Amino acid sequence: MTEHLPDGRWYDAEAGPLVRPYAMTGGRTKPGPSGVRFDLIALVVVDTSHGSVDASLLGPEHRTLLGLCSSQTQSVAELAADADLPVGVVRVLLGDLLEGGFVKVSRPVPPAQLPDEKILREVIEGLRAL
């Protein structure tokens with residue numbers, strides 16, 4: 001149950017003090033000035049090409065996302081679920097990390113470039129024939 005305390009703070013009895021999503025993103029709803037859009041299946045990995053990066057200048061949510069994708073590549077959807085943050089917030093935070101050179105993002109393969117289902121079935125049938 002969420003309660004409003006006399007001093008103006010919001011408090012959730014089970015979760016502790018609440019932080020509104022817009023507070024984590026500074027009121028922004030789009031990732032970065034370049035308008036980058038992160039698909040749910042876009043893959044995110046820490047960018048190690050710049051050597052060691054100083055993550056101490058980042059907010060706690062940024063550091064959480066970096067920690068989640070430092071050991072292995074994660075999709076945007078996985079990051080949102082593991083960080084327990086709304087996808088919109090994760091997209092904005094990832095935009096910050098991408099602009100700062102902390103992460104690299106691989107775009108999903110467009111459906112037009114995927115192999116045709118008929119070809120895949122022929123491959124399966126060929127393998128079964130072996």
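Bear in mind these aren't lab numbers, they're just calculated from the coordinates by the rules spelled out. Everything numeric in this text was worked out from a predicted model, so none of it was measured. So basically every Cβ, Gly included, is an ideal-geometry build from the backbone, and we count neighbours across all protein chains shown.
So, in region 71-120, how many residues would count as being closer than 22 Å to Thr48 by Cβ and surrounded by 15 or more Cβ atoms within 10 Å (Cβ to Cβ)?
Looking only at that region, the number is 19.
Answer with yes or no whether Ala77 is touching a Leu at 6+ places or on another chain (Cβ under 6 Å) and in a helix (DSSP H, G or I).
In short, yes.
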